[in-house]
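Step one of this worksheet: look at the structure below.
Read-outs throughout are calculated quantities, based only on the coordinates presented, and are distinct from any laboratory measurement. All figures in this text were calculated on a predicted structure; none of them were measured in a lab. Every residue, glycine as well, gets a Cβ built from its backbone with ideal geometry; the counts of neighbours run over all protein chains shown.
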Amino acid sequence: MAMTETKLWTVEKELWVENRLGLHARPVAKIATAAQQFDADITLEKEGLVVNARDLLDVLALDCPQGTRLVLRTRGPQAREAATSITSLFARKFEET
């Protein structure tokens, strides 16, 4: 019987909250929705506190105003795609100013 090897990627990125209102309900919902689309464990870390990016309330509880530094970690078969998607949300400032 042949074993199928599944490639498990791990990606870590530093992100900065640049939109004026920080991570409030609308951007956090976009993060959670994006995270749910990928087969990967996805976390956000702020000052040592690590939360599941799929959990809207946990991400909101990080309290991230403009200028906050976060570390995004993704691990799994779709880790690279998940990291790219979530990084893109931050880069576009969640379509806010």
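Details
- Chain lengthening between residue 47 and residue 16 when straightened (0.36 nm per residue, less Cα-Cα): 9.9 nm
- Among 48, 10, 37 the positive-end extreme of the charge dipole of the chain (Cβ point charges): 37
- Rounded to the nearest 20 debye, the dipole size of the chain about its Cα centre is 220 debye, using +1 on the Cβ of Lys and Arg and -1 on the Cβ of Asp and Glu.
- Principal semi-axes in Å for the chain [√(5λ), Cα gyration tensor, largest first]: 26, 13, 11
- Residue range of the chain that is longest and free of GluC sites (Glu not before Pro) which are both DSSP loop and sparsely packed (at most 10 other C-beta within 10 Å): 48-97
- Restriction of the trypsin sites (Lys or Arg not before Pro) in the stretch 6-93 to DSSP coil positions whose beta-carbon has at most 13 other beta-carbons within 10 angstrom yields 7, 20, 92.
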